[in-house]
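Step one of this worksheet: look at the structure below.
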Amino acid sequence: MKALVYTGTQQSEIQHLDAPVAGTGESIVDISFCGICGSDMHAWHGHDERRVPPLVLGHEAVGTVRSGPLAGRRVAINPLITCLDCPTCRAGDIHLCSRRELIGMRYPGAFAEQLRIPDRNLTVIDDAVSFETAALVEPTAVAVRTIGLARRAGADAGSRTVILGGGAIGLLCAQIMKAWGFAPPQIAETNKLRRGMLESLGLGSTYDPRAEQPGDGAVDLVIDAVGMGATRAAASQMVRPGGA
């Protein structure tokens, strides 16, 4: 099969690899679309020591099952592989599984024609949903989980919210907030074009964090959709005591 292989810092090439072979409880999926996550770009630029080349990256994937219980069905892929048997998995905290793997990290990813994946990591897609749209399922799930956690932390429709970063995850978080009835957030974004796009979508007000900042301790909820030291520091500074 063909695969896009990350071969070194800022280097990748199409290679012919052996097709994956399914083991017990696994399926083979013919990949139709795979999104490019910021973490894929981070790795490609040589900033992720966990992703060691040569490696097939990619984890925001959808396709058609070639072999397995769902053969012939269109599916979205959950990229997080866990044991489901350890104490943390049994408690529902599968993201803390000590044996977890993420496709595209050490486990071969989805920038390839085919992917080997546990059967339990597949979700059938309604035939009315295009593969192009379904490829957004994984990052959208991240946003849904984020706003769900915010609710559990006490955020509500009236919370003053700041989202740091207007990229894919920041935008999706803002969309989920709008769908769930939250007040429009402020969105910090350094890119002028992105600020204009966000404003046009009616997802909230935007500002350039290089020129202005919310007051110290003035924000109920901060969502860091960038993940840098500077944004963590900014989030800690602007969130109110007891905020999230």
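The numbers here are math on the coordinates, done by the rules we state, and not lab data. From a predicted model like this one, the values you see are computed outputs, not experimental measurements. Ideal geometry is used to build each Cβ from the backbone, glycine not excepted, and the neighbour counts take in all protein chains shown.
Side notes on the structure shown:
- Amide H contacts of Ile223 (H built 1.01 Å from N, under 5 Å, at least 5 apart or other chain): Val162, Ile163, Leu164
- Computed from the C-beta positions of Leu149 and Thr9 and an R0 of 25 Å, the FRET efficiency is 0.15 to the nearest 0.05.
- Normalising the average separation of contacting C-alpha pairs (under 8 angstrom, six or more residues apart) by the number of residues puts the relative contact order of the range 1-134 at 31 percent.
- Placed amide H near Cys83: partners under 5 Å, 5+ positions off or other chain: Arg99
- Cα gyration tensor, the chain - rounded (a/c under 1.5), prolate or oblate: prolate
- Ser27 long-range amide H proximity, modeled H, under 5 Å: Ile117, Asp119
- ³J(HN,Hα) computed for each position of the range 129-145 - Karplus, 6.51 cos²θ - 1.76 cosθ + 1.60, integer Hz, glycine/proline x: 9, 6, 4, 4, 6, 5, 5, 8, 4, 5, x, 5, 4, 4, 5, 4, 4
- Cα-based shape type of the range 1-98, given that a ≥ b ≥ c are square roots of the gyration tensor eigenvalues and the cut on a/c is 1.5: oblate
- Centre separation in Å (Cα based) which lies between the range 55-115 and the range 18-43: 8 Å
- Take every Cα pair under 8 Å whose residues are at least 6 apart in sequence, average their separation, divide by the length of the chain, and the relative contact order is 16 percent.
- Using θ = phi - 60° in the Karplus curve 6.51 cos²θ - 1.76 cosθ + 1.60, the 3J(HN,Hα) couplings for the range 67-83 round to 9, x, x, 9, 3, x, 8, 7, 9, 9, 10, 7, x, 8, 9, 10, 7 Hz; x is entered for Gly and Pro.
- As computed over the range 66-150, the Cα convex hull volume per residue (Å³): 123 Å³
- Only beta bridges with both residues in the chain are counted; by DSSP, about 70 percent of them are antiparallel.
- Restricting the range 186-231 to trypsin sites (Lys or Arg not before Pro) in coil, as DSSP defines it, with at most 14 other Cβ within 10 Å: Arg210
- Cα pair distances of the range 118-243 binned at 5 Å [whole percent]: 2, 10, 20, 22, 20, 11, 7, 5, 3, 0
- Cα gyration tensor category, rounded, prolate or oblate, for the range 53-115 with a/c compared to 1.5: oblate
- Contact order relative to length of the range 1-44, as percent, for alpha carbon pairs under 8 angstrom and 6 or more apart: 35 percent
- Full-extension gain in nm, Arg210 to Val52, via 0.36 nm per residue minus C-alpha separation: 53.5 nm
- Computed from backbone phi, the HN-Hα couplings of the range 44-61 come to 4, 7, x, 9, 9, 5, 6, 9, 9, x, x, 8, 8, 7, x, 8, 9, 10 Hz, rounded to whole numbers (Karplus: 6.51 cos²θ - 1.76 cosθ + 1.60, θ = phi - 60°; Gly and Pro given as x).
- Taking label positions 7 Å along the Cα-Cβ direction at both Ile36 and His16, the computed distance is 2.6 nm, reported to one decimal.
- Note on Arg99 and Lys192: with the Förster distance fixed at 45 Å, the Cβ-Cβ geometry gives a FRET efficiency of about 0.50.
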